[in-house]
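Report on the following structure.
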Amino acid sequence: MKKSCLAVILLGITASPALARDGSNGENVRTMDEIVVTAGRSPEPASEVSTAMTVIGREEIKASPARDLGDLLAEKSVGHIQKYPGALTSVGIRGFRTDTHGNDLRAHVLVLLNGRRAGTGNLAKILTRNIERIEIIRGPGAVQYGSAGMGGVINVITLRGRDPESAQVFGGLGSYGYEEAGFLFSGAQAGLDFSTSYTYSTRDDYDTGGGEKFHNTGYDDQESYSVNLGYTFLEQQRLGVILHRFESNHLGNPAVINLNDFDDYKNADNHSLDLIYTGEVRNGGMSWLIRYFDGKDSDTWYNPADHDPNGFDDNSRSKRVTDQRGSQAQVTLSLAGFKLTPGIDWQDYEISTTWSPQETSYKNWAGFLLAKKKLSGLNLVLDAGLRYDDYEVEVMEPAGGSQEDSHLTPAVGLSWQAHENLRLRARYAEGFVMPGADELAADYVTWWGQRYVGNPGLDPETSRTYEGGLEYRQKSLKAELSYFFTRFKDKIEAVYLAGGNQSWENLGKAEISGFEGRLSYDLGAFYGWALEVRPYLNFVYLDRYRDLENDQDLYYTNESNVSYGVSINDFQGFRARLNLAYTGPQTVINYDTGPPYPDLEMGGFTVADLSLTKELIDLEGYGSFDLTGDVTNLFDKEFAYNHGYPMPGRSFFVTLKWDY
């Protein structure tokens with residue numbers, strides 16, 4: 001995107017407050033302050049948070065045709081997207097990304113599920129039907145959540161039962177043999193709250209926007225269920241249990257489209273159990289949370305013999321399993337405008353793969369302290385945090401060893417309500433990613449003869465981020481603008497030793513800076529209409545993403561991501577939304593040719609989605625039937641987030657829902 005376009009966007013955001021007025025008499029009307037939990041690990045008003053945050057609420061999720069978290073964040077233009085057929089999606093924030101292959105310890109953007117590590121960086125394994133809201137820290141969240149929260153933290157918060165009871169049963173059909181069915185039930189009574197959901201789907205191979213069949217891109221079945229149960233006693237004490245599972249079988253795992261006769265496939269699974277105790281004293285001056293969780297993330301790849309050059313039989317497969325367990329304990333004290341949250345985190349990962357003869361383990365103890373002080377007379381909120389992580393990694397027998405290390409992470413910020421509708425904020429925060437067990441302590445030979453040797457002298461990868469921003473709120477208008485600068489160093493990169501052995505060293509460093517913004521305006525409120533008509537714009541523009549070691553722009557990093565469109569709601573059972581998402585150009589490495597692999601420029605495309613929902617029948621006290629029609633890739637654009645893996649062409653979906 002050209003810089004002149006960016007200038008127009010920035011001018012529009014900064015000028016809009018001066019032009020804004022609501023539909024009644026032009027008076028400024030503040031909207032209700034939203035409560036968020038991710039930035040401070042306990043509930044707090046969004047207006048007191050110094051970090052840049054994006055919150056995607058339940059109504060936005062319901063209005064989207066996205067079926068999984070990866071598609072939803074791509075539609076919202078949160079940042080760089082890497083997406084492959086076969087339920088494999090990662091997302092980037094501020095030049096850093098989640099890890100697509102299940103090991104969130106290697107990620108630079110951390111994914112949480114209800115406030116704890118999800119155990120995966122693959123966003124396609126998190127479906128959207130049971131999500132209540134998504135809170136995204138844009139920028140380091142390491143002081144709150146530890147390693148991997150360098151570019152950002154994505155906290156997926158699932159539905160919890162409330163009074164009155166509600167129910168939904170749905171079924172749908174779509175292009176390329178898509179079928180979907182499921183239900184959601186929730187409620188609360190006599191201290192017991194419950195929410196449960198189930199989704200099933202299947203799909204055949206799809207056609208690209210260019211009309212070419214992309215073989216081996218469908219899946220036999222995909223299931224996801226969640227259960228959130230709780231019992232509240234003594235008014236403010238709650239014991240809770242959360243079960244979550246995603247499972248997909250016979251997922252097509254194709255090569256690039258010009259080699260799409262391969263019939264490889266995989267099975268994918270992610271499941272977890274949380275036990276949670278929360279409470280607070282009657283006057284609200286103290287609250288606490290204690291949690292234990294246990295989960296597993298696995299992927300199994302199958303290579304049928306009919307094309308395998310090594311002649312393996314039909315049972316030939318490779319597998320990776322990540323077993324995860326951990327706990328959290330924290331207390332929040334609030335007194336006279338001062339808030340203090342000390343806590344302890346514990347993580348224990350065990351990772352095994354069939355391509356390595358060794359298992360690896362990772363243990364992490366951490367203590368943190370988050371503090372916030374309100375200076376009411378100055379309309380100022382100051383916050384600070386400090387976290388200490390101690391970790392031990394081990395490469396298990398037959399060969400290997402163990403290593404220990406530690407890291408201290410600070411952050412400080414401020415939020416100033418400069419005017420009734422205008423808030424300014426600033427923040428300094430550090431992030432880090434711990435070295436992996438193999439990087440520190442490996443000593444093994446793979447089945448293809450490559451020897452890997454760990455480097456016990458590795459330091460964690462680290463970053464320092466400075467950012468500032470403004471937010472303007474009015475009844476009709478919401479506008480935000482942020483600028484950030486990040487210095488990244490000690491990137492761990494593979495190196496080759498004498499004799500062809502592979503090891504790792506701290507070599508890479510980079511600088512990343514840019515603008516982020518959001519703008520929306522309710523024309524219905526402005527003109528006094530009985531419906532909401534809200535145009536909106538979200539954008540990310542990186543003015544610098546430089547690899548300082550090689551003096552070139554970073555690979556796999558978009559200069560710009562923009563989403564824009566309009567949503568309509570008549571509050572009588574009709575909703576409509578048109579969304580357009582622009583993905584800017586990026587430089588990637590073209591592995592289609594032999595070494596040396598050349599650079600390849602790709603990107604610079606816009607994808608449009610349209611969603612319409614209409615209430616068909618109101619059953620007068622027994623719920624209602626709604627019909628939803630979705631069209632994704634409305635203009636049948638031929639596009640790909642990854643070279644050689646084009647996405648589906650124009651697709652139609654129809655869903656019938658009974659809501660009670």
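The values are calculated or read from the model by the stated rules, or taken from the named source; none is laboratory data. Computed from a predicted model, the values in this text were never measured in an experiment. Backbone-built Cβ (ideal geometry, glycine too); neighbour counts: all protein chains shown. These area figures cover heavy atoms from the full protein model, side chains too; ligands, DNA and RNA do not enter into them. Shrake-Rupley method; radii C 1.70, N 1.55, O 1.52, S 1.80 Å.
Odds and ends about this structure:
- Among the strands (runs of 3 or more DSSP E) confined to the stretch 580-631, the ones with at least 1 residues that are within 23 Å of the chain's Cα centre (by Cα) are located at 586-589, 605-618.
- Among the residues making up the stretch 89-101, a single one is more than 12 Å from the chain's Cα centre (by Cα) and surrounded by fewer than 23 Cβ atoms within 10 Å (Cβ to Cβ): H101.
- Residues in the stretch 488-508 that are aromatic (F, W, Y) and more than 14 Å from N455 (Cβ to Cβ): 1 in all.
- Filtered residue count, the stretch 411-445, keeping only those that are among the hydroxyl-bearing types (S, T, Y) and either in contact with a Pro (Cβ under 6 Å, 6 or more places away or on another chain) or crowded, with 19+ Cβ neighbours inside 10 Å (or both): 2
- The stretch 231-256: number of residues that are of a type in the set (F, W, Y) and touching a His at 6+ places or on another chain (Cβ under 9 Å): 1
- Against the test of being farther than 27 Å from V143 by Cβ, touching a Gly at 6+ places or on another chain (Cβ under 6 Å) and either surrounded by fewer than 18 Cβ atoms within 10 Å (Cβ to Cβ) or at pLDDT 90 or above (or both), the options G86, G23 yield a single qualifying residue, G23.
Residues are listed down the side, and each one gets a yes or a no for (1) of a type in the set (S, T, N, Q); (2) modelled with pLDDT under 95; (3) under 28 Å from G79 (Cα atoms); (4) within 15 Å of the chain's Cα centre (by Cα):
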| site | (1), (2), (3), (4) |
| --- | --- |
| A107 | no, yes, yes, yes |
| L110 | no, no, yes, yes |
| R116 | no, no, yes, yes |
| G121 | no, yes, yes, yes |
| V153 | no, no, yes, yes |
| I157 | no, no, yes, yes |
| S166 | yes, yes, no, no |
| S175 | yes, no, yes, no |
| E179 | no, no, no, no |
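- Taking the criterion of being open to solvent by 20 Å² or more (accessible area, probe 1.4 Å) and touching a residue at least 60 places away in the same chain (Cβ under 8 Å), the residues of the stretch 570-604 that qualify are R575, Y582, D592.
- Taking the conditions (1) open to solvent by 60 Å² or more (accessible area, probe 1.4 Å); (2) farther than 28 Å from Y541 by Cβ in turn, G454 satisfies each one other than (1).
- Failed condition for K373, given (1) among the basic types (K, R); (2) modelled with pLDDT of 95 or more; (3) under 26 Å from the mean Cα position of the chain (by Cα); (4) open to solvent by 30 Å² or more (accessible area, probe 1.4 Å): (3)
A quick yes/no check of all residues on (1) modelled with pLDDT of 95 or more; (2) polar (S, T, N, Q); (3) more than 24 Å from N633 (Cα to Cα); (4) out of contact with any Phe, Trp or Tyr (no Cβ under 6 Å at 6 or more places or on another chain):
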{"site": "G514", "(1), (2), (3), (4)": "yes, no, yes, no"}
{"site": "G528", "(1), (2), (3), (4)": "no, no, yes, yes"}
{"site": "R534", "(1), (2), (3), (4)": "yes, no, no, yes"}
{"site": "Y545", "(1), (2), (3), (4)": "yes, no, yes, yes"}
{"site": "N550", "(1), (2), (3), (4)": "no, yes, yes, yes"}
{"site": "S563", "(1), (2), (3), (4)": "yes, yes, no, yes"}
{"site": "A576", "(1), (2), (3), (4)": "yes, no, no, yes"}
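- Enumeration of residues in the stretch 348-367 that are in a strand (DSSP E or B) and either without any contact (Cβ under 8 Å) to a residue 12 or more places away in the chain or open to solvent by 10 Å² or more (accessible area, probe 1.4 Å) (or both): E350, I351, S352, T353, T360, Y362, K363, W365, G367
- Hits in the stretch 530-566 - residues which are open to solvent by 30 Å² or more (accessible area, probe 1.4 Å), within 29 Å of A576 (Cβ to Cβ) and without any contact (Cβ under 8 Å) to a residue 40 or more places away in the chain: E532, R534, P535, Y536, Y564, V566
- Hits in the stretch 557-579 - residues which are within 24 Å of G79 (Cα to Cα) and either part of a strand (DSSP E or B) or of a type in the set (S, T, Y) (or both): T557, S560, N561, V562, S563, Y564, G565, V566, S567, R577, L578, N579
- D630, sole failed condition from (1) open to solvent by less than 30 Å² (accessible area, probe 1.4 Å); (2) modelled with pLDDT of 90 or more; (3) more than 30 Å from Y660 (Cβ to Cβ): (3)
- Cross-chain or 6+ apart pairs with Cβ under 8 Å, the stretch 321-336 first and closer than 25 Å to K374 by Cα and touching a residue at least 60 places away in the same chain (Cβ under 8 Å), then surrounded by fewer than 17 Cβ atoms within 10 Å (Cβ to Cβ) and not β-branched (V, I, T): Q330/P342; T332/M286; T332/L340
- One residue from S90, S77, S47 being more than 30 Å from F170 (Cβ to Cβ), in contact (Cβ under 8 Å) with a residue 12 or more places away in the chain and of a type in the set (G, A, S): S47
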